[in-house]
Amino acid sequence: LVIGDVTILDGSNTFTISTWVKFDSLPSEAGAKLLIVSKDEAYELYIKNTTPASYLFAYLRLNNGPVIATLELALETDTWYHIAAVHDENGTAIYLDGDEAATELGSQVESIDDTAASLGIGARAAGSYPMDGHIDEVAIFDAALSAEDITIIYNSGTPTDLSENSKLVGYWRMGDGAAYPTIPDGSSSGNDGTMTNMTSGDIVEDVPSGG
């Protein structure tokens, strides 16, 4: 999904990225990665296979520089997960299914040096490092959400409508109210996305549910 050169986090050092993901396959080779949300060199959230034991980590990269990784993630295919990255002047926390997986202090940036790159979901806008699987409820906030906020979003495994959240600056529900090839932005920013290298059949009724 390509959204264009949005500037919702330009100059910010305080934000949250929240998304639901389900992998059809996971990177099996050392160094291989799957992009979840990417504005190229400005900010990226991705899963990477690392050496020496093929551990899977979630990474948040900012300004093509500092990289913050979680602890090892025991991920499986065909399973929905909620991943959230929270960044502010104190550092970065990454959450998996509502629980904080890692905190990295001292790796903060003064502000995001935004680029002219388009924002991409599921791959970089140019198509590199595509994710193999499903993505739902991608949300970007211009605030560092609290651990309680993340728990509420996770909602025991069942997503809720975030469109009324005043801190929301980007919200792509990946199907709700969508008409191919456009995925509407459910926030007030109005940055609709275009399905790229995809077909209408790629919008499927497969959503997270905590039962």
Practice task
Determine whether Ala125 is at pLDDT 95 or above and aliphatic (A, V, I, L, M).
Solution key: no
Practice task
Identify the single condition in (1) part of a strand (DSSP E or B); (2) modelled with pLDDT of 95 or more; (3) open to solvent by 30 Å² or more (accessible area, probe 1.4 Å); (4) among the β-branched types (Val, Ile, Thr) that Thr103 does not satisfy, given that it satisfies every other one.
Solution key: (2)
Handout entry: Members of the range 156-172 found to be in contact with a His (Cβ under 9 Å, 6 or more places away or on another chain) and assigned to a helix (DSSP H, G or I), listed by number
Key = Gly157
Exercise for the section: Tell me which residues, restricted to the range 46-82, are modelled with pLDDT of 80 or more, within 20 Å of Val109 (Cβ to Cβ) and either among the aliphatic types (A, V, I, L, M) or surrounded by fewer than 16 Cβ atoms within 10 Å (Cβ to Cβ) (or both). Expected result: Leu60, Leu62, Asn63, Asn64
Handout entry: Matching residues in the range 97-122 - criterion: being on the phi < 0 side of the Ramachandran plot and either of a type in the set (A, V, I, L, M, F, W, C) or touching a helix residue (DSSP H, G or I) at 6+ places or on another chain (Cβ under 8 Å) (or both)
Key = Glu100, Ala101, Ala102, Leu105, Val109, Ile112, Ala116, Ala117, Leu119, Ile121
Handout entry: Residues (open to solvent by less than 30 Å² (accessible area, probe 1.4 Å) and part of a loop (DSSP other than H, G, I, E, B)) located in the range 115-149
Key = Ala117, Gly122, Ala123, Met131, Ala143, Leu145
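The values are calculated or read from the model by the stated rules, or taken from the named source; none is laboratory data. As the structure is a computational prediction, the values presented were derived from the model and not from experiment. When we count neighbours, we look across all protein chains shown, and the Cβ atoms used for this are built from the backbone with ideal geometry, even at glycine. What goes into the accessible areas is simple: the full protein's heavy atoms, side chains included, and nothing from ligands, DNA or RNA. Shrake-Rupley method; radii C 1.70, N 1.55, O 1.52, S 1.80 Å.
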